[in-house]
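Okay, so here's the structure we're looking at.
The values are calculated or read from the model by the stated rules, or taken from the named source; none is laboratory data. Worth saying up front: this structure is predicted, and the values here are computed from it rather than measured. Cβ atoms come from the backbone with ideal geometry, glycine included; neighbour counts cover every protein chain shown. Only protein heavy atoms, including side chains, enter the accessible area calculation; ligands, DNA and RNA are left aside. Shrake-Rupley method; radii C 1.70, N 1.55, O 1.52, S 1.80 Å.
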Amino acid sequence: MKLKVIVHEAEEGGYWAEVPSIPGCATQGETFEELLGNIYEAVEGCLSVDMKDVQATGKNKVLEIAV
């Protein structure tokens with residue numbers, strides 16, 4: 001899976017980034033290298049769902065796919 005990330009220079013120093021295809025997914029870092037590491041964590045966190053709260057009943061199914 002490839003995602004586009006928009007990287008911004010923060011006015012107070014450092015960087016912040018957003019992932020437009022995942023609403024609300026953003027992160028920051030003091031250095032560009034720190035930002036890159038934080039982007040991966042942010043995307044993983046934004047895409048993770050607690051499956052304990054998802055119930056499959058009747059004709060519904062829960063599937064796990066890799067992208």
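Residue pairs whose Cβ atoms lie under 9 Å apart, separated by 6 or more positions or on different chains, with the first residue in the range 1-26 and under 13 Å from TYR40 (Cα atoms) and the second β-branched (Val, Ile, Thr) and open to solvent by 70 Å² or more (accessible area, probe 1.4 Å), are MET1/VAL67; ALA17/ILE6; GLU18/ILE6; VAL19/ILE6.
Could we say that LEU3 is part of a loop (DSSP other than H, G, I, E, B), at pLDDT 90 or above and surrounded by 10 or more Cβ atoms within 10 Å (Cβ to Cβ) here?
Numbers: part of a loop (DSSP other than H, G, I, E, B): yes; at pLDDT 90 or above: yes; surrounded by 10 or more Cβ atoms within 10 Å (Cβ to Cβ): yes.
In short, yes.
Going through (1) part of a helix (DSSP H, G or I); (2) at pLDDT 90 or above one by one, LYS52 falls short only on (2).
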